[in-house]
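The block underneath contains the structure these notes are about, expressed in structure tokens.
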Amino acid sequence: MDTTAHRARVIVLGGGISGLLAAWHLQRRGREVEVWEAASAVGGWAQTLAWPGPQGEPGWLERGPQGLRVAREGALARLLLELDLEPYPTGPKGPRWLGKDGRRHPGPATFGGLLRAPGLSLGEKLRMLAEPLIPARTDPDETLHAFFARRLGAGFARELLPALVGGVLAAPPERLGLDAFPRLRQLDAHGGLLLGGLRLGAERTRLLPGGTGTLARSLAERLGCVRTGTPVQTLEVLPGGRWRVRGEGLASEADAVVVALPSRQAASLLAPVSQEAARLLEGIPSLDLRVWHSRHAPVPGWERGFGLLVHPPEGRGLLGAVAFAEDDPRGVPGLLQVRTYLGGTYPVAPELDGWPGVFGELRRWLPELPEAIQVREEACPGAFPLLEPGHGGRVARLVQALPPGLHWVGAARFGPGLPELTEGLEAWAGAPLP
Ligand SMILES: Cc1cc2nc3c(=O)[nH]c(=O)nc-3n(C[C@H](O)[C@H](O)[C@H](O)COP(=O)(O)OP(=O)(O)OC[C@H]3O[C@@H](n4cnc5c(N)ncnc54)[C@H](O)[C@@H]3O)c2cc1C
């Protein structure tokens, strides 16, 4: 064995899920890797934060995903297996609602809910049932609105889609391109939402022991090469094509650099080395979400949690709320834990600037919700990249514009969902690596 062979050294910038996954794949393929993370903990948005109860009882909140959508044979399932993480099912769910025309309706995610959906004529409901007969299409610039109008009909796209998309991606379906949802393209190619779902296996929601943050913590522990509290400040290319990365009082050299930062930060870091890449990154808008966490006395019937999506802009900026099941170990025994989302691309009414206004709006939809016992705001500036129609072309130009030895990964490239990120990073790692 040649022990003198040069082992390529790579610095990964950003210790969110994208950076950790990039480092994970690189290390497994023999690279010497170092991750620089600005914050004191890894995980970026995918962190589980301590939030003790009113008497100091242990309790947590999720900064980002409350659970994981795991497809049976997807990259996320493979990753969890490799990390020896055993996700567990959420069990039967509590009620799911759609807030529309000033009142609650059954959520349209089930067949019965779809048929009882508000605002749809009989013809529009029958049109939804024709979904398996609709042929696939490959339009790279198709919007999410156009995709659902094509598959499920104009009624669904008009009456139900805005709340479903707004409550998950905080933007209207007309502004989102299908590139943000590789899974939808996959389903389309396999016969549509229903038949494709049956063929590819439905994604099931799973929880991780210790919360979603366990994923990032496990990756970082296995990697053993993550520097937290280490923000990158500058990036320069050296003679011979090597790279130098500098932070506060720290400099390090490498054969290659992987940038796994939110697009705004990535743009300013890349500007001196590739103006074109920086310009393209700046053109990816990102959304600011306002998120409130609250604890309340329990409500009969909501023992398995609840989910509410509000048809924008009826909520005046409120997009939805979701509650943990009563036995969720992240919550505090005997209390109902709720997370409420506002903002994104939707303007928030000035009255909803603080908790009293947010609670007032929540009570319009959830009159049973008692006063909060504990409240905490965890704002999420730049929570999601807005992947507009044509995003795929932008990504291709951006990747082309990167100088040799410089790589870019993240939610703005692969889509903001953790399943999309793990799929995207797995495919990235299958291509020639740094
Ligand atoms: C409220 C909310 C709910 C969500 N819900 C879901 C969900 O239900 N399902 C789902 O799949 N996804 C969900 N997401 C999205 C998902 O959490 C993110 O898309 C994903 O975590 C993004 O990972 P990332 O590594 O690309 O970016 P980030 O998580 O943004 O990581 C970037 C990292 O870079 C670090 N950094 C920044 N600047 C520097 C610097 N100068 N030097 C070094 N490091 C730096 C940051 O500290 C951060 O750790 C949600 C997100 C939010 C905010």
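In table form, for the structure just shown:
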quantity: Strands (runs of 3 or more DSSP E) fully within segment 359-417 counting 1 or more residues that are open to solvent by 40 Å² or more (accessible area, probe 1.4 Å) and either hydroxyl-bearing (Ser, Thr, Tyr) or away from the ligand (no atom under 16 Å from the Cβ) (or both); calculated: 372-377
quantity: Residue within segment 106-127 that is within 16 Å of the ligand (Cβ to nearest atom) and modelled with pLDDT of 90 or more present; calculated: no
quantity: Residue that is farthest from the ligand (Cβ to nearest atom) [pool: residues in segment 31-65 that are touching a helix residue (DSSP H, G or I) at 6+ places or on another chain (Cβ under 6 Å) and assigned to a strand (DSSP E or B)]; calculated: Val33
quantity: Qualifying positions in segment 220-278 - acidic (Asp, Glu) and within 26 Å of the chain's Cα centre (by Cα); calculated: Glu221
quantity: Failed condition for Gly393, given (1) over 21 Å from Gly167 (Cβ atoms); (2) modelled with pLDDT of 95 or more; (3) more than 16 Å from the chain's Cα centre (by Cα); (4) not charged (D, E, K, R); calculated: (2)
quantity: Test: Ala349 is small (Gly, Ala, Ser) and not assigned by TED's automatic domain parsing to the domain that holds Leu235; calculated: yes
quantity: Where Arg78 falls short, out of the listed (1) touching a helix residue (DSSP H, G or I) at 6+ places or on another chain (Cβ under 8 Å); (2) buried (at least 19 other Cβ atoms within 10 Å of the Cβ); (3) over 14 Å from Ala216 (Cα atoms); calculated: (2)
quantity: Residue list for segment 184-205, restricted to those being out of contact with any helix residue (DSSP H, G or I) (no Cβ under 8 Å at 6 or more places or on another chain) and among the charged types (D, E, K, R); calculated: Arg199, Arg204
quantity: Residue among Glu131, Glu62 that is under 26 Å from Val338 (Cβ atoms) and outside the structural domain of Gly331 (by TED's automatic domain parsing); calculated: Glu62
quantity: One residue from Arg264, Arg242 being assigned by TED's automatic domain parsing to the domain that holds Ala411 and within 10 Å of the ligand (Cβ to nearest atom); calculated: Arg264
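The values are calculated or read from the model by the stated rules, or taken from the named source; none is laboratory data. Not measured: the values here are computed from a predicted model. Here Cβ is always computed from backbone atoms with ideal geometry, including for glycine, and neighbour counts include all displayed protein chains. When the accessible area is computed, the model is the full protein with side chains, heavy atoms only, and any ligands, DNA or RNA have been set aside. Shrake-Rupley method; radii C 1.70, N 1.55, O 1.52, S 1.80 Å.
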